Each structure stands twice: as structure tokens, then as C-alpha cells.
Amino acid sequence: MDGGVNGSGLPVNNKQRAMLPNKSRGDFTRNSRKDSEGLSESPDLEFEYADTDKWAAELSELYSYTEGPEFALNRKCFEEEFRTHVSEKKWTELDGAEHRAHAMRLLDGLEVTAREKRLKVARAILYMAQGTFAECDSEAEVQHWMRYNIFLLLDVGTFSALVDLLNMEIDNTAACSSAVRKPAISLADSTDLRVLLNIMYLMVETIQQDDPADRPEWKIIRETFRTELGSPLFNNEPVSVMLFGMVTKFCSGHAPHFPMKKVLLLLWKSILFTLGGFEQLQTIKVHKREELGLPPLPEDSIRVIRSMRAASPPASASDLIEQQQKRARREHKALIKQDNLDQFNEKDPYKADDSREDEDDNDDSDNSIEPETFPLERDEVMPPPIPHPPSERVSFPKGLPWAPKVREKDIENFLESSRSKFIGYTLGSDTDTVVGLPRPIHESIKTLKQIALLKILLAAAPTSKAKTDSINILADVLPEEMPTTVLQSMKLGVDVNRHKEIIVKAISAILLLLLKHFKLNHIYQFEYMAQHLVFANCIPLILKFFNQNIMSYITAKNSISVLDFPYCVVHELPELTAESLEAGDNNQFCWRNLFSCINLLRILNKLTKWKHSRTMMLVVFKSAPILKRALKVKQAMMQLYVLKLLKVQTKYLGRQWRKSNMKTMSAIYQKVRHRLNDDWAYGNDLDARPWDFQAEECALRANIERFNSRRYDKSHSNPDFLPVDNCLQSVLGQRVDLPEDFQMNYDLWLEREVFSKPISWEELLQ
């Protein structure tokens, strides 16, 4: 192969390179704009964070635009099978018994040995899962029949058959060997896998949607499917573990033809369905706190964040010059005191916070900006913010939006230092109490040891540079024949960029969900995964992702709405032109890209929280200017997680940085939760000793390995740590050898321990 690789990490030869337009030979970047263009006047982004996007959007992102012709092929395969066994009636005209009979016939067809015949039957089933769209007149009708057909397919046992076929394709050594030897891989190399994964994804995504109008039997089917999906019923392991194995095999280079976007989407939705999303996490957290006798949570974080307002982004250089000129004209006037924090927020807390364009923001200080007085340093008393009228808003306590928190460690440190100072000795505290643990979640932590997801995330990052040894994540988007016209190249460019964005969205959601569920289940499971992510360079990878024009990434228009499913199968498609492709849609922002950015920021917060060694990584990799640029996105939730990351490292950035970034410091004070003895703004933390950093990670790793050895290493299990048998029948049925002295004094024991003690049998029975 000659010609090297393109900007997407895809091997191309010189002939293919010549067919790509100039801007498609790099990263297929489109619709970028200058950072200074209208940022100060940009409106708030009306974005509502949730587990997923709307159902139609999640369906459309399964397919690449290159797969468009396969919709008609699926329909053809279904109609050939249908006409063979059924009369000239339409599918929508049959009754339930006839529907079920034909679904059973198709299921039997999946067991034939001939690969081509099996693929035709699988395509027919895929057409059913796609809603038999040829007989529908609207997108709503397609979605209705999708739901009906998918519940029918699940009820006759289709999903188990698909898992068996997928296992067979994963173990297909001939296909893997052929793909490894090929110089360039296209859609044709993953046809069988794509068809199977498409059906499985449509089933999981559709069934997890809870519709109040569902039939009672459908609700039972849904809960049964949820349990089975998370249980080791498929080849003695959950489906998600099998999918993790596909990710690992792909990243190791042994199966480059795997359609990784579809694998990741199915993996994400399987985890989301079996473990639950953010609302379920909050419910489980509240329930567990009640069980353990802990005080209730002061607030629901997501609800509070949804009620916060975004601050204005940093001003451009021209805005700063104009402000300085106005300030010079007002120097003779008396300074007007600021009335309250809410007015301070209205006056753009980020205004004049950064005097440079994004391209020139390579330093950590803003010396050219005159800092304003930090609110905590003022003498005047400031009243609480003015409440806002919308009914959806959470009623905040007066003052700041968050109730302050305190760690047990902070209280212990305070008490120990006080005792040492005033009494002359210290008292130890017991922090090793063991509490009962719930049933382990179904996903095995050990599958994450190779953290293969980060390799794919790196390949999908917009700032990633092409390397000859990088993995090819475009196997399920590139056609067999490369584009020959500018219009085809532009369409492929949109498709490739969209493909990468969807991969980033899926990986960020998977990592965040697993981190949150592991932390809720057992802290050492969370720490195990977090440490593997850190050792695999997850922190610099996320910073690398944000080291781009993040506003352009969030407002990117890498979609062609008329080609999205199900619109494309029920409407006549208009003729595409270069102008329509360049214009994109009319959306204010791209939902999936903003969702991905927030997820990555949340992951970064979870990895660095209360870990001084990891916080120092943020400082070493000069994350402050990168994060400050992300504040230009006017979305409250994203700004909050950026400010949290800035807050934890302010003590290490030096007094000059804090002095030059007082507006950012003020925004942190207003929007981020405060804690007891938290001197984040002054750098007096005793824990900030650099020689303790390596010891901190080593001690954590030793604790994690001890935990894993106790819980999961069956070959060297300590009998003292074996689970206790709490089953009454099992315990009473065991033979226990009593000592000889006990047998001799059995009568005395009965008198003392049984007969002479009053027993309330009513309470015992209750």
C-alpha cells in the first residue's frame, strides 16, 4: 500500500487520495468559525441533559449515510420471504397469529448452514425491526410498527438466536484473517456483523423506551428482557461482556473489520438498560443512604444544575479594547458599589477575563486585564441572589445554589490538629468499618484492564493526528468505491465526521455510566476502573480533546437530515447539492457533541476529585487555559464542570494566576459547592505536598489489589473472608461436631441459656 493514511487514521492509496476534495483529505472539518465572531452576544444554549437524545435521533445515528442503499435491500429480502409463505396481503393487514407464524418461520431460517441464505433471512428480520416502512406513510407510523414488530421478535426468541450468530461471527477466524491482510477495509467486510448488530441495537433501544400506552404483556416482556440482558445467560456471560471483548479484539488489531460504532452503541444501550440511567442512579443512591442510616441528600444535583443560568463567555480582544476605552473615560467618576451576586452575574462574570483569541491562548496568566475585587475580600454584606420566576426552577436556599458539604476526613484532621495543639496528644479513629454489600453488578471489572475504549476515543478525537499505527474506526462508514465527485466527497466527509462524533458520544456515556455505577456499588470497584483510566493516560487524552475550537465543535453541522432514518424511508428524497450540504441544519448546536463534552468533563472530575496527584496532572498539562476556553460555551451544566476542574487546581497555579483571573475565581465562588476548611482560593492546603503523590497512588493500588484478591480471586481465598451462609435451612442442615465438655454440660446450658430466659414469642414470630 502506498500513500500513507488520511487525517481520519484511514489507510488510503494515492488514487483514493486524488478523489478526495482538499478539505476532505484532512479531518473533514466543516463549518468552523472564528472564535471572536459574536461570542459576547451569543444566546444561552437551550440544552437539556439526559441519558440519551430523542428516540428518533438515537435511531438515526445507528446508520451511516453510506448504508442508505441497504434499506431497499432489506425490504427486498423480506418481501421475497413474505410472498413465498403468505398471500398477497400486506404485513400491516395480517392478524396477530399470522404475524407470529411468519416471525417463527424467519427465526427458523436463521439456523440454516448456508451463509447467503442466513444473511437474507437476517435482512428480512432487520426490515421488520425497521418497522416494515414501505407500508407506512409517516415517521410516526414507522415507529409504531417498529415497536410492535420488535416486541413480537423478542417474544418468539429472536434475540437469543442473534447472540449465538454474533458469537459465531466474532469467532470467524477466516473473516478476521482476510480483514487483517486487506490494505483498506470497507462496508462490505462487515456486512454480516452490521446486520446482526443493527437488529440487536434496534431491539434494545426500542424496548428500553417506556411507553405508558404499552400493553401489560409488553411491560412484563420488557422487565424479563432487562433481567436476561444483564445475566450470564448468553454463552455464560452477559451481552455487555461479550461486546467489551469485541472492543478489545478490535483494538488489538486482530479484527479490524468489526463495525465499532455499532458495537459501542449497543454496549452503551445495554449498560443503560440493565443498570439504569442518571435518574435511577439517584433513586438507588437515596435508597442506599436510607438503608445505611445516612442523612438524606441535600439536593438533586442534576435538578439544581438544570435550574442554573449560564454565564457570559469570555470577551474577545476587540471587546476588551472597547471596555478599556470606556473605563478610561469613566475614571473621574466615583466607583459604583455592586449590589449583589445576582447583579454581578448579569454583568458578565467572564467579561474581560481573557484578552486573547483562542489561537493565542497558550499562557496561564492574563496580566493585561485589570482584576476586580474578589467577592470574598469585600467588606460589604451582599444580599442573596434574586429568585427567578420560571416554575420549573428549584427553590434554592438563600445565598449560593449548593448546600455546603464536609468530608469525614476534614473533620478528623480538624479535631486531631486541635487535640494536638491544645491537649498534647491525638486519638485514632476507626475508619475500617465493613458494611454489607449488594449483589455485584453484571459487568465484569476485569474486562476494562486493557482500557481499549480510550484507543478508540483517541482515534475519534477531532484533534487527533494521523499515524501509521493508529486503528481504523471507519470500517463501517467507508464505501467500497471511493467518491468520484465533489458532491460525493462532501457527503462522505459529513458522514465521517458524524461517525466520529457518535463514537465519542457512546464512549463518553459508557465510561461515565460505569464509573457512577461502580462507585455506588463499591468504592474500590470505582477506584479500580478510575486508576486504570489514569494509567492509560485518560486525563491528557480528555485535555487533548478540549484543546480545540470547542465552540465550533459544539455548533458543528455534520448531519444531513433528509438522509436520517426514518425520514429517508417514508419521504421522497430531494436532490442534494453542495450548497445544501454546506449549509447543514438550522439547529443552534449539535446535541450529541454538547452531551459528549459534558460527559468527558464529568469523567475528568471523577478521576481527579480528592486525588492530589491527579490534580497535579491537570497543572502539569497546562489545563487551565484549555478549560477557560471551554467557558465560552454558554451552557450552565458544562460551565459548572469546567469551573469545578479549575477550582481544584487554583491553589497550585500561583498567586499571579489567581490575581489575573478574578472573574473566573468569582464565578467559581458563585456556582461551585463549598466545603468546610476549603481554602481553594489561597493555596494553604497541607495535603498539597508533592512528595506524597506517588505514595498516594501506590497505597490506593495496594488497597484495590487486596480488595480484588479477597472478592474475586477464588484460587487463593482466605477462609476468614468467605461469604457467610445466612440460609436458615442450610445452616440447620449442616452437621456440627460439638466439643465433649459441651455434651457433658448440655443440661446446664439448656437451663441457663433457654429455660431461664424470657422469650417474647410474638415478637420472634413477627
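The values are calculated or read from the model by the stated rules, or taken from the named source; none is laboratory data. On a predicted model such as this, the values are computed, not experimentally measured, just so you know. Cβ: placed from backbone, ideal geometry, glycine included. Neighbour counts: every protein chain shown. When the accessible area is computed, the model is the full protein with side chains, heavy atoms only, and any ligands, DNA or RNA have been set aside. Shrake-Rupley method; radii C 1.70, N 1.55, O 1.52, S 1.80 Å.
If you look for lysine pairs in segment 168-302 that are eight or more places apart or on different chains, how many of them have Cα atoms under 29 Å apart?
The number of close lysine pairs in segment 168-302 is 13.
Keeping all protein chains in the complex and leaving out DNA, RNA and ligands, what accessible area do you get for Trp610 with a 1.4 Å probe, in Å² to the nearest 10?
100 Å²
For segment 270-312, build the charge dipole from Cβ charges (+1 Lys, Arg; -1 Asp, Glu) around the Cα centre, then report which of Ser307, Gly293, Gln280 sits farthest towards its positive end.
Projecting each Cα onto the dipole axis, the largest value belongs to Ser307.
Taking the alpha-carbon centroid of each part, what is the distance from segment 573-627 to segment 235-311 in angstrom?
Cα centres, segment 573-627 to segment 235-311: 19 Å.
Take the Cα atoms of segment 216-310, find their three principal axes, and give me the spread along each one in whole Å, biggest first.
Taking the Cα atoms of segment 216-310, the three principal extents are 50, 41, 29 Å.
Which links in Lys505/Lys544; Lys76/Lys117; Lys455/Lys622; Lys500/Lys634; Lys505/Lys628 stretch past 19 Å when you go from one Cα to the other?
Listed pairs above 19 Å: Lys455/Lys622; Lys500/Lys634; Lys505/Lys628.
Given a 1.4 Å probe and heavy atoms of the protein chains only, how would you sort Arg735, Arg194, Arg306, largest accessible area at the top?
Greatest to least solvent exposure: Arg735, Arg306, Arg194.
So, in nm, how far is label Lys76 from label Leu750 when the simple model puts each one 7 Å beyond its Cα toward the Cβ?
8.7 nm
Rg to Rh ratio, segment 542-648, alpha-carbon atoms and Kirkwood radius?
1.14
Leaving ligands, DNA and RNA out of it, work out the accessible area of His612 with a 1.4 Å probe and give it in Å² to the nearest 10.
For His612, the solvent-accessible surface is approximately 30 Å².
At q = 0.12, 0.15 Å⁻¹, what log₁₀ I(q)/I(0) does a Debye calculation on the Cα points of segment 80-147 give, no solvent, two decimals?
These q points yield log10 I(q)/I(0) values of -0.32, -0.50.
Tell me whether segment 500-603 comes out rounded, prolate or oblate; compute the Cα gyration tensor, take square roots of the eigenvalues as a ≥ b ≥ c, and use a/c under 1.5 as the rounded threshold.
prolate
At a probe radius of 1.4 Å, what is the per-residue accessible area of Asp155, in Å² to the nearest 10?
Only protein atoms counted, so the area is about 80 Å².
Suppose a student asked you for the relative contact order of segment 128-191, using Cα pairs under 8 Å spaced at least 6 residues apart; what percent would you report?
Relative contact order here is 22 percent.
Rounded to two decimal places and with Rh computed the Kirkwood way over Cα pairs, what is Rg over Rh for segment 135-227?
Checking Rg against Rh, the ratio lands at 1.09.
Assuming R0 = 56 Å, can you tell me the calculated FRET efficiency for the pair Gln734 and Glu579, based on Cβ-Cβ distance, to the nearest 0.05?
0.10
Please list Ser160, Ser559 from largest to smallest accessible area, probe radius 1.4 Å, with all protein chains kept in place.
Ser160, Ser559
Extending each Cα 7 Å along its Cβ direction at Trp610 and Thr92, get the distance between those two points in nm, one decimal.
Distance between label points: 5.7 nm.
If R₀ is 51 angstrom, what is the calculated FRET efficiency for the pair Ala114 and Asp44, using the beta carbon separation as r and rounding to 0.05?
Once the sixth-power term is evaluated, E becomes 0.30.
Once the dipole of segment 127-203 is set up with Lys and Arg at +1 and Asp and Glu at -1 on Cβ about the Cα centre, which of Asn172, Ala184, Asn198 lies farthest towards its positive end?
So the residue we want is Ala184.
If we sort 277-289, 751-763, 123-135 on the protection proxy, mean other Cβ atoms within 10 Å, highest first, what's the order?
Sorting 277-289, 751-763, 123-135 by mean packing, highest first, produces 123-135, 277-289, 751-763.
Using the beta-carbon distance between His254 and Phe742 and R0 = 60 Å, what value does 1/(1 + (r/R0)^6) give for FRET efficiency, to the nearest 0.05?
It comes out at approximately 0.45.
Order Glu579, Glu697, Glu93, most accessible first, counting only protein heavy atoms with a 1.4 angstrom probe.
Highest to lowest solvent-accessible surface, that is Glu579, Glu93, Glu697.
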